[in-house]
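Here's the structure, in structure tokens; my notes come after.
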Amino acid sequence: MEAKLFFFAIGWWLCCYHPWTNVHGEYYSSVEQMRKLLKLEESLVTSLGQYIKLHEQKIEFLHRQRDLLEKELKKGLKDDIEYSSNPVSAFLMVNRLVNDWERLRAFMDMDVGAKLQNTTEMPTHEDLIGVVEGLARLQDMYELNAKEMASGKLLDRTIGRQLKTAECYEIGNKLTAAKSYRHAVSWLRESLRLWTMDSPGVSKVEVMNALSYALSHQGEYEEALELTQKVLKLQPDNQRALNSKEPLEKWIEYKKQHGLPPPVPEPYAKNYPSLCRGDDQRPTKELARLRCRYEHNRTPFLRISPLKLQEVNHDPIIVMYHDVISNKEIDAIISISKPLMHRSMVGDDHEKAVSKTRTSSNAWLDDVMHPVVRTISQRTEDMTNLAMTAAERLQVGNYGIGGHYLPHYDYAVPEEGKEVYPSIGKGNRIATVMYYLSDVAIGGATVFPQLGLGVFPQKGSAIFWYNLHANGTVDHRTLHGACPVFVGSKWVGNKWIHERGQEFRRSCELDPKV
């Protein structure tokens with residue numbers, strides 16, 4: 001029975017795939033006609049051989065692709081957090097899922113019954129652009145160059161493997177798509193430097209054309225034209241180079257006559273990048289006055305379980321509490337939060353929106369959701385001696401690739417005649433407590449640009465400061481930002497406390513410095 005089905009299937013394939021010649025019936029009536037049938041059978045056998053050969057090549061190709069993908073996957077699974085947070089390996093992973101796997105899916109679907117199946121939503125081109133924007137942000141913040149990042153070694157540690165020519169080219173192209181031309185130039189230069197005759201996946205002409213385009217958007221028209229002319233020497237009919245040659249010549253002439261507009265300043269507050277790199281800018285005399293102690297006077301509970309307090313700054317007061325949340329509690333908080341995570345937004349109750357100034361996801365946890373959440377609220381009250389009846393829900397955040405939050409204030413500035421945070425109805429945010437729920441291998445500091453200080457995450461610790469002066473006015477010195485995460489997964493828990501209900505906890509004074 002199986003043999004019959006097999007020959008039936010082969011017959012069906014021959015009918016469907018062979019371009020039959022004009023041979024009609026009654027072959028038995030002529031020897032010449034029978035000779036034609038031999039030729040027909042010869043062509044069928046040849047076609048069958050070609051069909052088998054093509055499928056063998058297809059299987060060999062898929063074997064090679066699987067082995068390459070499996071090799072990269074094993075590297076990622078060995079240390080999934082470090083691999084996923086490394087902006088270069090993260091880009092390559094998203095690029096594989098957005099582009100390579102779709103090409104493989106289409107290749108497999110061609111004349112083959114089996115199809116790739118996935119239950120998880122695939123990443124999009126928007127994810128790819130988001131990763132390269134994070135990569136560019138990290139290069140700016142931590143003064144990294146493409147050559148170092150492509151080498152796989154950075155800051156005296158191995159963070160990946162040496163990238164290939166085509167991979168640097170892909171990163172450069174996506175940075176161009178994100179209009180980050182300065183960084184695109186550095187990656188495309190590296191791609192051109194690595195290129196050899198044996199480089200698979202991209203030609204030298206493609207790299208030079210892409211680099212010329214990125215340079216032209218940086219105002220480097222002379223070098224862009226030089227590359228275009230080199231392309232035309234290699235390929236005189238290259239359409240992209242032919243189309244760009246004349247405009248570049250015109251821009252060079254315009255630049256000679258009028259010059260270039262001044263560069264757009266970076267959107268970073270004073271001291272922000274240097275503080276992110278760990279440069280504490282306060283005088284030694286001020287640092288020498290900072291102390292560590294056990295805090296046991298705030299509440300009766302602290303007399304039997306004092307807190308480890310580290311003074312971070314005296315004016316305004318910023319302190320850090322150590323070992324205030326256990327690993328078990330952290331695991332519970334993160335486990336509850338993961339299914340509830342959504343992209344973080346910026347703004348107040350009137351207007352909230354997704355913004356590139358804040359690249360993270362968060363979830364909001366009520367005290368009633370889990371005993372650990374209630375415990376964190378009570379612990380926050382013990383730490384601050386502020387009433388939790390005026391506190392917001394616990395916000396748990398996780399930062400992405402190059403995840404950051406540009407310098408901002410936690411308090412709101414109301415419009416005249418309007419109340420701040422009307423949905424809460426408890427006045428402005430008087431104080432902030434930020435719990436660090438993870439360590440971060442590289443980056444991720446909380447910095448205060450106007451004070452010249454930065455605090456790096458320490459799992460189990462919490463940082464506390466007042467956003468308002470003692471007289472209720474806002475304290476502009478509390479401007480703070482979250483530095484981009486370079487390697488690692490940064491988890492934080494924020495507890496924002498409002499001013500109403502704190503009258504007997506922190507009395508209002510005429511002198512803001514009291």
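Output wanted: per-residue J couplings in Hz (rounded whole) for region 400-414, from phi through Karplus 6.51 cos²θ - 1.76 cosθ + 1.60, θ = phi - 60°, x for Gly and Pro.
Computed from phi, the couplings for region 400-414 are x, 5, x, x, 8, 9, 4, x, 7, 10, 7, 7, 10, 10, x Hz.
In whole Hz, with x marking every Gly and Pro, tabulate ³J(HN,Hα) for region 420-437 from phi via Karplus 6.51 cos²θ - 1.76 cosθ + 1.60, θ = phi - 60°.
7, 6, x, 5, 8, x, 10, x, 7, 7, 6, 8, 10, 10, 10, 8, 8, 9
Would you please give the residues with an amide H less than 5 Å from that of Ala387, counting only those at least 5 places away or on a separate chain, with H modeled from the backbone geometry?
Those lying under 5 Å, H to H, from Ala387: there are none.
Could I have the simple spin-label model distance between Ala106 and Lys256, label points 7 Å from Cα toward Cβ, reported in nm to one decimal?
Label-label distance for Ala106 and Lys256, simple model: 4.5 nm.
In nanometres, what is the gap between the two model label sites at Glu226 and Val474, each 7 Å from Cα along Cα-to-Cβ?
Here the modelled spin labels are 5.0 nm apart.
Is region 133-229 best put as rounded, prolate or oblate by its Cα gyration tensor, with a ≥ b ≥ c the root eigenvalues, rounded for a/c under 1.5, and otherwise prolate when a/b is larger than b/c, oblate when not?
Oblate is the answer for region 133-229, as a/c is 1.5 or above yet b/c matches or exceeds a/b.
Can you tell me, using C-alpha contacts under 8 Å and at least 6 residues apart, the relative contact order of the chain as a whole percent?
13 percent
How much net charge surrounds Thr299 when only the other residues with a Cβ under 9 Å from the Cβ of Thr299 are counted, with Lys and Arg +1 and Asp and Glu -1?
For residues surrounding Thr299, the net value is 0.
Run the accessible area of region 350-501 with a 1.4 Å probe and give the carbon-and-sulfur part as a rounded percent.
49 percent
Are any of the pairs Lys78/Lys204; Lys174/Lys245; Lys153/Lys179; Lys179/Lys459; Lys153/Lys250 more than 31 Å apart by Cα-Cα distance, and if so, which?
Beyond 31 Å between Cα atoms: Lys78/Lys204; Lys179/Lys459; Lys153/Lys250.
What does the helix-only formula give at 222 nm for the chain: each DSSP H stretch with n ≥ 4 adding -39500 (n - 2.57), the total divided by the residues, and the result rounded to the nearest 500 deg cm²/dmol?
Here the helix-only value at 222 nm equals -14000 deg cm²/dmol.
Please turn the phi angles of region 140-155 into ³J(HN,Hα) values with the Karplus equation 6.51 cos²θ - 1.76 cosθ + 1.60 (θ = phi - 60°), one per residue in order, whole Hz, x for glycine and proline.
5, 5, 10, 6, 9, 10, 4, 4, 5, 5, 5, 6, x, 10, 8, 6
Contour minus end-to-end for Leu155 and Val368, with contour as 0.36 nm per residue of separation and end-to-end as the Cα-Cα distance?
72.2 nm
Give me the accessible area of Phe61, 1.4 Å probe, in Å² rounded to the nearest 10.
70 Å²
So, R0 is 30 Å and r is the distance between the beta-carbons of Lys233 and Lys53; what FRET efficiency does that work out to, to 0.05?
With a Förster radius of 30 Å, E is 0.15.
Averaging sequence separations of C-alpha pairs under 8 Å and six or more residues apart, then dividing by the length of region 364-514, give the relative contact order as a whole percent.
34 percent
Could you sort Tyr409, Tyr294 by their accessible area in this structure, using a 1.4 Å probe and putting the largest first?
Tyr294, Tyr409
Would you please classify the overall shape of the chain from the alpha carbon gyration tensor, given that a ≥ b ≥ c denote the square roots of the eigenvalues, rounded means a/c under 1.5, and beyond that prolate means a/b larger than b/c while oblate covers the rest?
prolate
Given H placed on each backbone N at 1.01 Å, which residues far from Ile318 in sequence or on other chains put an amide H within less than 5 Å of it?
Counting only residues 5 or more places away or on other chains, the set is Val312, Asn313.
Which shape class, rounded, prolate or oblate, goes with region 387-438 when its Cα gyration tensor gives a ≥ b ≥ c as root eigenvalues, a/c under 1.5 marks rounded, and past that a/b bigger than b/c marks prolate?
It comes out oblate by the Cα gyration axes.
When ligands, DNA and RNA are left out and all protein chains stay put, how many square angstrom of accessible area per residue does the chain have with a 1.4 Å probe?
About 56 Å² of surface per residue is accessible.
The values are calculated or read from the model by the stated rules, or taken from the named source; none is laboratory data. The shown structure was predicted, so the numbers you read here are calculated from the model rather than taken from an experiment. Note that we place each Cβ from the backbone using ideal geometry, even for glycine, and neighbour counts take in every protein chain shown. With ligands, DNA and RNA removed, areas are computed over all heavy atoms of the protein, side chains included. Shrake-Rupley method; radii C 1.70, N 1.55, O 1.52, S 1.80 Å.
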